[in-house]
Amino acid sequence: MEFNRISIIGLGYIGLPTAAVIASCGKVVIGVDNNQYVVDTINQGNIHIVEPELDLMVHSAVAEGYLRATTEPESADAFIIAVPTPFKAEGGEDHVPDLSYIEAAAKSIAPALQKGNLVILESTSPVGATEKMAQWLAEARPDLSFPQSYGEDSDIRIAHCPERVLPGNILQELVSNDRVVGGITHRCSTQAADFYNIFVKGECVETSARTAEMCKLTENSFRDINIAFANEISIICDELGVDVWELIKLANRHPRVNILQPGPGVGGHCIAVDPWFIASQAPESSRLIKTARAVNDEKPSWVVKKVKKLVAEVLTNTDKNEDNIRIACLGLTFKPNIDDLRESPAMEVALEVSKVFNSQVWVVEPYLEELPESLLNFGTQLVGLSKAMEADVIVLLVDHKAFVDYPIQIGSNQRALDTRGMLKIR
Ligand code: SAJ
């Protein structure tokens, strides 16, 4: 099967880089997104997200005619669905995955499907979602045969291949990471692996759709549990007067120990979300997974409590009063060197601190031109790094390179809360 015309549904953090990489291999890529602004931006050769080198790649793919965006799906050899899978917001359901974007994407491509097409779901999904997607497609196109009913002889092939790329390093990881390719049938897997071999230099390992779905959820839950361990140890160390950064460095000298880094909590739209997809399907058996979520979710409140304590210390030990004390939060994004605020614990801390101290709070965020409205409403100000150094309490929340490289000096009347071990790096 030749894959010369590829359609990518959803041009976000995964879909757009994937579209650009495939276009750079000389394939015609039609990107589909229901947001007209996103479509227009891409067709002008620009991008709407921050990801290193993506702007150049999209610019040349569009200029050379290999990449084009549209709001309406068109015919193609392969369709890649990379739309969000958030939680259901309504109906009082807690942490239940919402497959409505996948359903809408499936229904939107159905009219364009032709015999011989490959449809791949890349969105992170609960176990069984690919089978559901296959069912939605079959219902929309009774004139075509699908693998869940016709097995290896079906007109359409369907697979799940979860994305595994790290924001900030997406273009490299899209090419170099191994891919888990889970077909509804063996032939679906083989064809999907052939497709990924167009641009993937890592190995494309074939399995079933259900195993591929669970594999992705397991990877992110594994990381969440390990970060929760680091976060728990950091709180214990604080209580016992032990330097957690030194402790972890020492413990990691053991050949079979590799503790991750504590922080203000876990953010992003993956690690803080995906473990719940397992927990919602196996609630009784997911005790460790749910506890890790709780530990990581509670970390921002712990940070806020520490900030309040430091403020009290400054008020007791200096001539500062409640009206002129200044608190600086360094960083808002969910991790360093990106512009993404999704589920950001740094943002949560800054909001809580702003709720209490209002216009006395300064924020430094090199990846934003202005603060989110939720912070502006409290009178919180966006300031530069050197100004922030004048604050009485400095809260280091994100280890952006610009912060790590800055010679941060904490004066005797100042207090610092270093949630990322930045002051220890140098
Ligand atoms: N974090 C820590 N300590 C650490 C590592 C991370 O506190 O030692 C925090 C980060 O600051 C951030 C959060 O965890 O708030 C998540 O960051 P991350 O870098 O661990 O992961 P993501 O969300 O950017 O990307 C993850 C990756 N998954 C794994 O590493 C298992 C990536 O490969 C996935 O493709 C991505 O989720 C996804 O899309 O699912």
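Return a yes/no flag: does the range 326-336 have any residue that is basic (K, R), more than 21 Å from the chain's Cα centre (by Cα), away from the ligand (no atom under 16 Å from the Cβ) and assigned to a loop (DSSP other than H, G, I, E, B).
Scanning the range 326-336, I find at least one residue that is basic (K, R), more than 21 Å from the chain's Cα centre (by Cα), away from the ligand (no atom under 16 Å from the Cβ) and assigned to a loop (DSSP other than H, G, I, E, B), so the answer is yes.
I want to confirm something. Restricting to the range 135-175 and keeping residues that are among the aliphatic types (A, V, I, L, M), surrounded by 22 or more Cβ atoms within 10 Å (Cβ to Cβ) and within 16 Å of the ligand (Cβ to nearest atom), which single residue is nearest to Q114 (Cα to Cα)? The residue in question is L174. Only one of the numbered conditions (1) surrounded by 23 or more Cβ atoms within 10 Å (Cβ to Cβ); (2) within 16 Å of the ligand (Cβ to nearest atom) is not met by T218, and that is (1). Annotation for the range 336-345: at least one member residue is touching a Lys or Arg at 6+ places or on another chain (Cβ under 9 Å), of a type outside the set (S, T, N, Q) and either crowded, with 24+ Cβ neighbours inside 10 Å or not assigned by TED's automatic domain parsing to the domain that holds D399 (or both). Can you find even one residue in the range 264-279 that is surrounded by fewer than 17 Cβ atoms within 10 Å (Cβ to Cβ) and without any contact (Cβ under 8 Å) to a residue 60 or more places away in the chain? Within the range 264-279, not a single residue is surrounded by fewer than 17 Cβ atoms within 10 Å (Cβ to Cβ) and without any contact (Cβ under 8 Å) to a residue 60 or more places away in the chain. For the range 236-253, a tally of residues being crowded, with 17+ Cβ neighbours inside 10 Å and within 13 Å of the ligand (Cβ to nearest atom) returns 3. Can you run down the residue pairs with Cβ atoms below 7 Å, 6 or more apart or on separate chains, where the first is in the range 159-172 and β-branched (V, I, T) and the partner is near the ligand (Cβ under 9 Å from one of its atoms) and outside any loop (DSSP other than H, G, I, E, B)? Close Cβ pairs (under 7 Å, with a partner that is near the ligand (Cβ under 9 Å from one of its atoms) and outside any loop (DSSP other than H, G, I, E, B)) amount to V165/E173. When you look at G91, is it surrounded by fewer than 17 Cβ atoms within 10 Å (Cβ to Cβ), at pLDDT 95 or above and out of contact with any strand residue (DSSP E or B) (no Cβ under 6 Å at 6 or more places or on another chain), yes or no? No; evaluated as a whole, the condition is false for this residue. Among the listed residues R223, R256, R287, identify the single one that is within 26 Å of T333 (Cα to Cα) and either surrounded by fewer than 22 Cβ atoms within 10 Å (Cβ to Cβ) or of a type in the set (K, R) (or both). Of R223, R256, R287, the one residue that is within 26 Å of T333 (Cα to Cα) and either surrounded by fewer than 22 Cβ atoms within 10 Å (Cβ to Cβ) or of a type in the set (K, R) (or both) is R223.
Yes/no per residue for (1) touching a Gly at 6+ places or on another chain (Cβ under 9 Å); (2) more than 20 Å from L423 (Cα to Cα); (3) of a type in the set (S, T, N, Q):
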position: F222; (1), (2), (3): no, yes, no
position: I259; (1), (2), (3): no, no, no
position: G265; (1), (2), (3): no, no, no
position: V273; (1), (2), (3): no, yes, no
position: P283; (1), (2), (3): no, yes, no
position: D297; (1), (2), (3): yes, yes, no
position: V304; (1), (2), (3): no, no, no
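Checked against (1) in a helix (DSSP H, G or I); (2) over 22 Å from the mean Cα position of the chain (by Cα); (3) surrounded by 14 or more Cβ atoms within 10 Å (Cβ to Cβ), P111 passes all but condition (3). Of everything listed in (1) closer than 30 Å to V349 by Cβ; (2) within 11 Å of the ligand (Cβ to nearest atom); (3) touching a Ser or Thr at 6+ places or on another chain (Cβ under 8 Å), the single unmet condition for Q261 is (3). Please work out if G26 is in contact (Cβ under 8 Å) with a residue 12 or more places away in the chain and over 24 Å from the mean Cα position of the chain (by Cα). Yes. Collect the residues in the range 343-363 that are under 24 Å from H95 (Cβ atoms) and either of a type in the set (V, I, T) or out of contact with any His (no Cβ under 7 Å at 6 or more places or on another chain) (or both), keeping them in residue-number order. Correct list: S344, P345, A346, M347, E348, V349, L351, E352.
Residues in the range 79-108 that are closer than 23 Å to T185 by Cβ and in contact with a Ser or Thr (Cβ under 7 Å, 6 or more places away or on another chain): 6 in all. It is to be established whether one or more residues within the range 270-289 are modelled with pLDDT under 95, assigned to a loop (DSSP other than H, G, I, E, B), within 16 Å of the ligand (Cβ to nearest atom) and not aliphatic (A, V, I, L, M). Scanning the range 270-289, I find at least one residue that is modelled with pLDDT under 95, assigned to a loop (DSSP other than H, G, I, E, B), within 16 Å of the ligand (Cβ to nearest atom) and not aliphatic (A, V, I, L, M), so the answer is yes. For the range 124-214, the helices (runs of 4 or more DSSP H) that sit wholly inside it and include 3 or more residues that are of a type in the set (S, T, N, Q) are 186-196.
The values are calculated or read from the model by the stated rules, or taken from the named source; none is laboratory data. Nothing here was measured: the structure is a model prediction, and the numbers come from that model. As a convention, Cβ positions derive from the backbone with ideal geometry for all residues, glycine included, and neighbour counts pool all protein chains shown.
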